Amino acid sequence: PRQGAHAGARMDVRALTPDVGLKEYWYPAIEASKVGRKPVGMKICGEQLVFFKGKEKGEVSALANICPHRGGSLMHGDCHYPGTISFPHHGWTFNGDGDVLAVLPEGPQSPVPGKIQHRAYPTKTLRGLVWVWMGEDEPAPIEEDVPPEFFHNDGQVLYAYEVWKVNWRAAVENAGDA
């Protein structure tokens, strides 16, 4: 039987939107200049991430913040060697691709390197802003998600941050009301 024309109007489509955001996108994360000698932690789409200078030429890398060894926080770690981050208590040391390069207390004889792969999030720095791919699949071309002004050097790009203590859905829903 055919439902009335207004039956669909009663459905609240907001319930179909994930609580933590749409993950298969590139997200603006942090200004590259804010990532220095110490790692920086951040939560995006419900995931705890750690940003550090982990790639060639000082590019910023992102890993899951939780160390796979004992569940500690990598954002409280150190970047002892260029392009790496080390867990502060047990010395597991990762590169920007999530490879365990060393377990510092065990020395070069450690059996762990080469056997553990930690979750790495693809990153790309455009005009001083680090973008991170939050999806599980291969990243979409970054040009599909990022505004075109980030791909040329014309004009000026300014950054401002404001923290809203609300679910992201309410913020996006009300953005059009201004």
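The table that follows gives values for the structure above.
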read-out: Single residue of the stretch 21-39 satisfying the filter (touching a residue at least 60 places away in the same chain (Cβ under 8 Å) and among the hydrophobic types (A, V, I, L, M, F, W, C)) that is nearest to Tyr159 (Cα to Cα); value: Ile30
read-out: Search result, residues across the stretch 122-140 that are under 23 Å from Gln48 (Cα atoms) and open to solvent by 30 Å² or more (accessible area, probe 1.4 Å); value: Pro122, Lys124, Thr125, Gly128, Glu136, Asp137, Glu138, Pro139
read-out: Residue within the stretch 60-83 that is among the charged types (D, E, K, R) and under 13 Å from the mean Cα position of the chain (by Cα) present; value: no
read-out: Selected residue (criterion: modelled with the lowest pLDDT) from residues of the stretch 22-46 that are open to solvent by 60 Å² or more (accessible area, probe 1.4 Å) and within 21 Å of Glu144 (Cβ to Cβ); value: Leu22
read-out: Some residue of the stretch 105-121 being touching a residue at least 60 places away in the same chain (Cβ under 8 Å) and either surrounded by 12 or more Cβ atoms within 10 Å (Cβ to Cβ) or over 23 Å from Ile30 (Cβ atoms) (or both); value: yes
read-out: Enumeration of residues in the stretch 47-65 that are buried (at least 18 other Cβ atoms within 10 Å of the Cβ) and at pLDDT 90 or above; value: Glu47, Leu49, Val50, Phe51, Phe52, Lys53, Val60, Ser61, Ala62, Leu63, Asn65
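The values are calculated or read from the model by the stated rules, or taken from the named source; none is laboratory data. Source: prediction; values computed, not measured. Cβ coordinates were reconstructed from backbone atoms using ideal geometry, including for glycine residues, and neighbour counts include every protein chain displayed. What goes into the accessible areas is simple: the full protein's heavy atoms, side chains included, and nothing from ligands, DNA or RNA. Shrake-Rupley method; radii C 1.70, N 1.55, O 1.52, S 1.80 Å.
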